[in-house]
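Report on one structure; see the data block that follows.
The values are calculated or read from the model by the stated rules, or taken from the named source; none is laboratory data. These numbers come from a predicted model, not from an experiment. FYI the Cβ positions are ideal-geometry reconstructions off the backbone, even for glycines, and counts take in every protein chain you see. Keep in mind that these areas ignore ligands, DNA and RNA; they rest on the heavy atoms of the full protein, side chains included. Shrake-Rupley method; radii C 1.70, N 1.55, O 1.52, S 1.80 Å.
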Amino acid sequence: MFSKQLLRAGTSIGANVRESVHAQSSDDFVHKLNISLKESYETEYWIELLYETGYLNEQQFQSIMSDNKEITATLVKIIKTSKARNDAKEK
């Protein structure tokens, strides 16, 4: 069950990023990336549960968690930059 939730949340990140490429506006772009960001936080939760219940060993956990944290950090940077650009355009 945990692994299915991880798969759902993890693949949703990429699906929403892909959708953002064809966003209808700058605000829609940011919105779709924010959905991806929320899914990355949910993915982190499922990774932690899989580790705590013994489905992942330490090495697997560290590797997968590191990748997810990198994705999360990238999304945060893109969202912040996009919001700053949107705010600058509005002034």
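Taking the criterion of being over 11 Å from the mean Cα position of the chain (by Cα) and of a type outside the set (Val, Ile, Thr), the residues of the stretch 68-91 that qualify are LYS77, LYS80, SER82, LYS83, ALA84, ARG85, ASN86, ASP87, ALA88, LYS89, GLU90, LYS91. Picking from residues in the stretch 77-91 that are open to solvent by less than 100 Å² (accessible area, probe 1.4 Å) and free of Cβ contacts under 8 Å to residues at least 12 places away in the same chain, the one that is farthest from VAL30 (Cα to Cα) is ALA88. Do the conditions hold for ILE47, that is, is it among the aliphatic types (A, V, I, L, M), touching an Asp or Glu at 6+ places or on another chain (Cβ under 8 Å) and surrounded by 12 or more Cβ atoms within 10 Å (Cβ to Cβ)? Criteria not met by ILE47. Look through the stretch 16-44, keep the residues that are part of a helix (DSSP H, G or I) and without any contact (Cβ under 8 Å) to a residue 12 or more places away in the chain, and return whichever of them is nearest to VAL76 (Cα to Cα). In this case the residue turns out to be LYS38. The single condition among (1) hydroxyl-bearing (Ser, Thr, Tyr); (2) outside any helix (DSSP H, G or I); (3) closer than 23 Å to ASN86 by Cα that TYR55 does not satisfy is (3).
What about LYS38, is it under 22 Å from ASN86 (Cα atoms), open to solvent by less than 60 Å² (accessible area, probe 1.4 Å) and of a type in the set (D, E, K, R)? Here the answer is no, as LYS38 does not meet what is asked.
Scanning the stretch 1-22 for residues that are among the hydroxyl-bearing types (Ser, Thr, Tyr) and either open to solvent by 80 Å² or more (accessible area, probe 1.4 Å) or under 17 Å from TYR45 (Cα atoms) (or both) yields SER3, THR11, SER12.
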